[in-house]
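The values are calculated or read from the model by the stated rules, or taken from the named source; none is laboratory data. What you are looking at is a predicted structure, and each value in this text was computed from that prediction instead of being measured. Please note: Cβ atoms are built from the backbone with ideal geometry, for glycine as well, and neighbour counts cover all protein chains shown. Keep in mind that these areas ignore ligands, DNA and RNA; they rest on the heavy atoms of the full protein, side chains included. Shrake-Rupley method; radii C 1.70, N 1.55, O 1.52, S 1.80 Å.
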Amino acid sequence: MKVLKFGGTSVGSVESIKAVLDIVKSSYDAGEKPLVVLSAMSGVTNLLTAMAERAAERKEFESDLKLLEDRHFDVVKKLIAVKFQNPVFTKLKLLINELEEILQGVAALKELSHQSKDLIVSFGERFSNYMVSKIMEQYIAESTFIDASHYIKTDSNFGHAHVNEELTNQLVQALAHTHADKLLFVTGFIGSNENGRVTTLGRGGSDYTAAIFGSILNADAIEIWTDVNGMLTADPRIVKKAFSLPILSYTEAMELSYFGAKVIYPPTMIPAFLKKIPIVIRNTFEPEFVGTVIQFDSGKSDYPIKGISSISDISVINLSGSGMIGKSGFSGRLFTLLAREQINVVLITQSSSEHSITFAVHPDDAQKAVALIKNEFELELEANKLDLPEIEENLSVLAVVGENMKRTPGMSGRLFYALGRNGINVRAIAQGSSEFNISVIIKKDNLAKALNAVHDAFFAALNKTLYVFNLGTGNIGATLFKQLHEQHDFLLENNDVEIKVAGMSNSRKMLFDVEGIDLATWKDTLESDGEIADLSAFIERMKEMDLPNCVFIDNTASKLPATYYEEIFKANISIVTCNKIANSGDYAQYKLLHDTARRHGVDFFYETNVGAGLPIVRVLKDLMLSGDRLLKIEAILSGTISYIFNNFTGDASFYDVVKKAQELGYTEPDPRDDLGGVDFMRKMLILARDAGNVIEPSDVDLGNILPEACLNATSVDDFYAELLKAEQYFNDLKNKALQENKVIRYIGKLENGKVSISMQMVGDTHPFYALSGSDNIISFTTERYKERPLVVKGPGAGAEVTAGGVFADLVNVGA
Ligand SMILES: NC(=O)C1=CN([C@@H]2O[C@H](COP(=O)(O)OP(=O)(O)OC[C@H]3O[C@@H](n4cnc5c(N)ncnc54)[C@H](O)[C@@H]3O)[C@@H](O)[C@H]2O)C=CC1
Ligand SMILES: N[C@@H](CC=O)C(=O)O
Ligand code: NA
């Protein structure tokens with residue numbers, strides 16, 4: 001036998017009541033005879049309370065009475081056949097008249113006792129259960145209305161009555177016996193004291209009624225039908241990826257509910273818990289969904305935790321004082337005092353030095369708690385054994401919950417890593433000794449970001465969202481968007497990563513969208529909906545949006561973005577860049593940026609700074625990390641110049657080959673950076689620094705491939721004009737190489753902390769002789785790779801390979 005309990009929203013309208021009927025009928029048709037517990041129609045309990053209060057103030061309540069009548073009558077008219085309606089109207093009308101008399105009594109006395117209030121609100125459940133039982137009678141004749149106040153016996157604690165278990169047990173058993181062949185509709189929430197006065201069972205009262213009946217009658221399950229798909233991993237209004245939990249243990253459900261998951265109210269589960277009766281949370285509006293089973297054991301799960309819950313508003317009180325705290329009896333006195341005054345302490349932590357205690361309370365209780373403490377510990381405060389209590393406000397609690405945590409090491413590490421990476425400061429920590437729960441107190445402003453970041457961290461298999469803010473929509477930026485768009489589904493399916501571009505800007509326009517800008521149409525959207533670009537405003541907006549797992553990408557060649565990198569790292573945002581400016585300016589800036597990223601636990605990835613997508617920066621880093629010692633680097637790292645010397649053959653003019661390199665997307669936006677050697681110099685500098693050398697741009701011995709006039713050109717057009725004039729110079733070079741059976745190469749070297757770059761002619765025995773296209777080549781001679789160096793070779797420029805390298809860096813953020 002099952003108990004089916006339906007909450008207020010399930011009996012709130014004609015439509016929802018139809019859904020309830022279907023659910024009960026299908027259970028009945030399946031050969032079960034469930035016991036049904038209904039709440040009052042949604043909003044009715046609040047309305048009754050308001051009416052009672054108005055009556056006590058001699059204010060008008062009749063119109064609300066009419067409203068109540070209409071709401072119930074309307075359901076009857078729509079769901080009961082006309083010929084059966086009259087007796088139902090009569091009975092409801094009688095109840096309404098009875099209610100009216102009571103309210104008039106309250107008005108006459110001008111006083112609303114707890115007892116009267118309980119009686120008044122009890123009408124809500126009596127209306128709804130009577131009415132629905134009568135509707136059901138048309139289909140199942142055995143349907144019977146039961147006023148539970150005759151069976152649930154309580155003390156006289158009106159508003160929050162305690163159940164007399166023994167008496168209730170006897171009465172419910174007897175009821176079940178005499179009504180064995182009936183389908184019972186039982187009022188939730190209400191009972192009566194020994195004098196037969198109606199009482200109510202407090203918060204979650206109808207669930208409690210269901211649990212009491214279920215436990216006494218040894219139900220196979222208690223189904224709580226509500227308007228959500230069971231219990232979720234987190235608050236779905238904040239965490240979009242929250243999902244329904246199939247199984248929870250009682251303990252886990254209690255912990256999750258305690259911190260905010262409002263689906264059930266834990267104390268109401270106790271009767272079921274004691275008898276190990278499963279509680280199933282189901283959705284009246286989606287009855288085919290299995291919902292959440294709350295049972296004795298936690299069951300198997302793919303994840304180390306079950307869920308994350310939170311209380312968004314909390315205040316923390318700090319108590320310190322060398323003379324008091326830690327002395328035996330102090331905590332006892334403190335918490336007894338708070339309990340006596342009904343101040344609910346949500347969380348307690350005590351430092352191991354025992355000189356301070358921090359505890360969290362509801363914000364409404366904070367001032368009262370402090371006043372009580374000042375009063376109770378007046379003498380100790382005067383004697384300076386205790387410092388004045390301090391209140392901290394605008395805080396939230398976030399708790400990760402799950403029985404499996406106990407068996408899985410590293411859980412708190414994962415929690416704090418996720419928080420730390422996202423720049424969320426933890427104000428206090430508490431872990432229950434049960435290890436079912438780790439709670440942290442954080443700033444309220446951080447809660448949404450924290451919940452999402454922690455959800456991603458623990459439900460990683462689910463998928464992680466990276467939020468990208470991208471600067472530069474040119475050659476590389478646009479190609480990256482194309483790749484991100486093409487790979488979106490693959491990444492989600494195979495790597496559980498979703499990348500959303502939440503912001504983009506070029507030098508003219510900028511655009512934002514938390515849901516991710518559609519990368520199929522970004523160009524048009526940026527053009528039509530974009531605001532005027534403003535880099536500083538772009539960074540501000542990115543910070544304000546405060547998204548978890550946030551990455552800033554610099555796909556420009558501009559000097560300006562680098563001036564914001566430090567600020568970006570300080571906002572705990574990782575940076576991926578193909579722009580070499582930041583790493584190749586002053587050494588002090590390089591050092592500052594690397595240190596800041598490290599201190600803030602965020603990533604700074606720039607693989608494409610050297611050799612585009614070729615793994616060079618990474619290889620060097622791994623060599624250094626694994627304790628190898630770099631002896632020498634020899635390299636060709638200008639894709640443009642490599643292309644030029646590989647194609648400046650036969651009749652081709654130098655000028656045309658350079659133009660072609662630019663067309664192919666190998667050059668910098670300003671090709672003088674390539675041909676003048678600056679771009680190569682930057683790359684060598686970055687490698688030298690990553691290898692541990694303190695070195696400035698001016699320390700590089702930079703030879704060049706151009707005649708003086710080209711180097712001095714003041715504009716790109718001017719530069720090309722000079723190139724045309726210098727055709728003879730380049731032809732001479734080419735012919736000289738040809739005569740010597742050699743090729744021209746622009747080669748960089750790092751040795752003993754010194755960087756030099758020079759044009760050389762090399763023969764076919766030289767390892768850099770055979771190159772084609774925009775090939776880069778680099779050989780690392782190290783302590784371990786001494787006899788034969790480690791060599792990386794391949795295309796070192798071009799939009800596809802560069803954007804691919806940026807993409808790879810991006811996916812590795814936080815990995
Ligand atoms: N082409 C290649 O093979 C490789 C290029 N790179 C690097 O890629 C970067 C980009 O190169 P391209 O895409 O070819 O350049 P591009 O000139 O095609 O595009 C640059 C983009 O940056 C934007 N931009 C410039 N200043 C800006 C600012 N202050 N705020 C917002 N947007 C701004 C421009 O509007 C444009 O959309 C350069 O730093 C280059 O060194 C790195 C490795 C290889
Ligand atoms: N312009 C660069 C591209 C890579 O950084 C080059 O030609 O090597
Ligand atoms: Na690279």
Worksheet item: Name the helices (runs of 4 or more DSSP H) wholly within region 694-790 that hold at least 3 residues that are more than 26 Å from residue 581 (Cα to Cα) and open to solvent by 80 Å² or more (accessible area, probe 1.4 Å)?
Response: 727-739
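Conditions (1) within 29 Å of residue 450 (Cα to Cα); (2) among the β-branched types (Val, Ile, Thr); (3) in a helix (DSSP H, G or I), marked per residue:
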site: 305; (1), (2), (3): yes, yes, no
site: 318; (1), (2), (3): yes, no, no
site: 322; (1), (2), (3): no, no, no
site: 357; (1), (2), (3): yes, yes, no
site: 368; (1), (2), (3): no, no, yes
site: 373; (1), (2), (3): no, yes, yes
site: 385; (1), (2), (3): no, no, no
site: 394; (1), (2), (3): yes, no, no
site: 397; (1), (2), (3): yes, yes, no
Discussion item. Suppose we filter 88, 121 for residues that are more than 24 Å from residue 2 (Cα to Cα), crowded, with 19+ Cβ neighbours inside 10 Å and over 49 Å from the mean Cα position of the chain (by Cα); which single one remains?
Written reply: 88
Practice prompt. Among residues belonging to region 580-590 that are touching a residue at least 40 places away in the same chain (Cβ under 8 Å) and under 33 Å from the mean Cα position of the chain (by Cα), point out the one that is nearest to ligand 2 (Cβ to nearest atom).
Written response: 580
Fill in: In region 638-654, the residues that are within 16 Å of ligand 3 (Cβ to nearest atom) and either at positive phi or in a helix (DSSP H, G or I) (or both)
639, 640, 642
Discussion item. I'd like to verify a number: residues in region 72-124 that are among the basic types (Lys, Arg) and in a loop (DSSP other than H, G, I, E, B), how many?
Written reply: 1
Worksheet item: Taking region 613-644 as the search range and keeping residues that are open to solvent by less than 30 Å² (accessible area, probe 1.4 Å) and out of contact with any helix residue (DSSP H, G or I) (no Cβ under 7 Å at 6 or more places or on another chain), which one is farthest from residue 577 (Cα to Cα)?
Response: 628
Discussion item. Scan region 315-337 and tell me whether some residue there is at pLDDT 90 or above, in contact with a Leu (Cβ under 7 Å, 6 or more places away or on another chain) and within 30 Å of residue 407 (Cβ to Cβ).
Written reply: no
Worksheet item: Name the residues in region 574-610 that are of a type in the set (S, T, N, Q), outside any strand (DSSP E or B) and more than 16 Å from ligand 3 (Cβ to nearest atom), would you?
Response: 589, 596
Worksheet item: If you check every pair at least six apart or on different chains, which have Cβ atoms under 7 Å apart with a residue in region 792-807 that is within 14 Å of residue 474 (Cβ to Cβ) first and a residue that is within 11 Å of ligand 3 (Cβ to nearest atom) and among the polar types (S, T, N, Q) second?
Response: 802/608; 806/608
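Output the residue which, of all residues in region 455-482 that are polar (S, T, N, Q) and away from ligand 3 (no atom under 16 Å from the Cβ), is farthest from the chain's Cα centre (by Cα).
Residues of region 455-482 polar (S, T, N, Q): 463, 465, 470, 473, 475, 479.
Subset that is away from ligand 3 (no atom under 16 Å from the Cβ): 463, 465, 470, 473, 475.
Working: 463: 11, 465: 9, 470: 21, 473: 29, 475: 33 Å.
Checked region 455-482; the qualifying residue farthest from the chain's Cα centre (by Cα) is 475.
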Practice prompt. Could you grab me the full set of residues in region 106-118 that are out of contact with any strand residue (DSSP E or B) (no Cβ under 8 Å at 6 or more places or on another chain) and buried (at least 24 other Cβ atoms within 10 Å of the Cβ)?
Written response: 106
Item to complete: Mind counting the residues in region 131-158 that are open to solvent by less than 20 Å² (accessible area, probe 1.4 Å), part of a helix (DSSP H, G or I) and closer than 18 Å to residue 209 by Cα?
Response: 4
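Would you point out which residue out of 549, 579, 647, 609 is within 13 Å of ligand 1 (Cβ to nearest atom), of a type in the set (S, T, N, Q) and either open to solvent by 30 Å² or more (accessible area, probe 1.4 Å) or more than 30 Å from residue 788 (Cα to Cα) (or both)?
Sole residue among the options that is within 13 Å of ligand 1 (Cβ to nearest atom), of a type in the set (S, T, N, Q) and either open to solvent by 30 Å² or more (accessible area, probe 1.4 Å) or more than 30 Å from residue 788 (Cα to Cα) (or both): 579.
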Worksheet item: Does region 599-612 contain at least one residue that is at negative phi, among the aliphatic types (A, V, I, L, M), within 16 Å of ligand 2 (Cβ to nearest atom) and modelled with pLDDT of 95 or more?
Response: yes
Practice prompt. Report yes if residue 529 is over 28 Å from residue 584 (Cβ atoms) and within 19 Å of the chain's Cα centre (by Cα), otherwise no.
Written response: no
Worksheet item: So which residues in region 19-70 are among the hydrophobic types (A, V, I, L, M, F, W, C) and touching a Gly at 6+ places or on another chain (Cβ under 9 Å), if there are any at all?
Response: 35, 37, 38, 40, 41, 44, 47, 48, 55, 68
Practice prompt. Could you tell me which numbered condition residue 653 fails, if it satisfies all but one of (1) within 12 Å of ligand 2 (Cβ to nearest atom); (2) among the polar types (S, T, N, Q); (3) over 35 Å from the mean Cα position of the chain (by Cα)?
Written response: (1)
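Evaluate the following for residue 661: is it without any contact (Cβ under 8 Å) to a residue 12 or more places away in the chain, open to solvent by less than 40 Å² (accessible area, probe 1.4 Å) and either touching a helix residue (DSSP H, G or I) at 6+ places or on another chain (Cβ under 9 Å) or assigned to a loop (DSSP other than H, G, I, E, B) (or both)?
No.
Among the residues of region 210-228, are any in a loop (DSSP other than H, G, I, E, B), in contact with a Ser or Thr (Cβ under 8 Å, 6 or more places away or on another chain), within 23 Å of residue 186 (Cα to Cα) and in contact (Cβ under 8 Å) with a residue 12 or more places away in the chain?
yes
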Discussion item. Suppose we keep only residues that are of a type in the set (D, E, K, R) and open to solvent by 60 Å² or more (accessible area, probe 1.4 Å) within region 791-815. Which one would you say is farthest from the chain's Cα centre (by Cα)?
Written reply: 793
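Say we look at region 532-546 and pick out the residues that are more than 12 Å from ligand 1 (Cβ to nearest atom) and within 16 Å of residue 501 (Cβ to Cβ); which of these is least open to solvent (accessible area, probe 1.4 Å)?
Among those residues, the one meeting the criterion is 542.
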Item to complete: For region 787-815, name all the residues that are away from ligand 3 (no atom under 14 Å from the Cβ) and among the small types (Gly, Ala, Ser).
Response: 799, 814, 815
Worksheet item: residue 57 versus (1) touching a residue at least 24 places away in the same chain (Cβ under 8 Å); (2) over 45 Å from the mean Cα position of the chain (by Cα); (3) within 28 Å of residue 143 (Cβ to Cβ): which is the lone unmet condition?
Response: (3)
Fill in: Subset of region 582-606 [among the aliphatic types (A, V, I, L, M) and open to solvent by less than 20 Å² (accessible area, probe 1.4 Å)]
582, 593, 597, 602
Worksheet item: Is it the case that region 618-637 has a residue that's of a type outside the set (Phe, Trp, Tyr), at negative phi, out of contact with any Gly (no Cβ under 7 Å at 6 or more places or on another chain) and within 13 Å of ligand 1 (Cβ to nearest atom)?
Response: no
Worksheet item: Where in region 402-515 are there helices (runs of 4 or more DSSP H), lying wholly inside it, with at least 2 residues that are over 27 Å from residue 596 (Cα atoms) and open to solvent by 20 Å² or more (accessible area, probe 1.4 Å)?
Response: 475-490
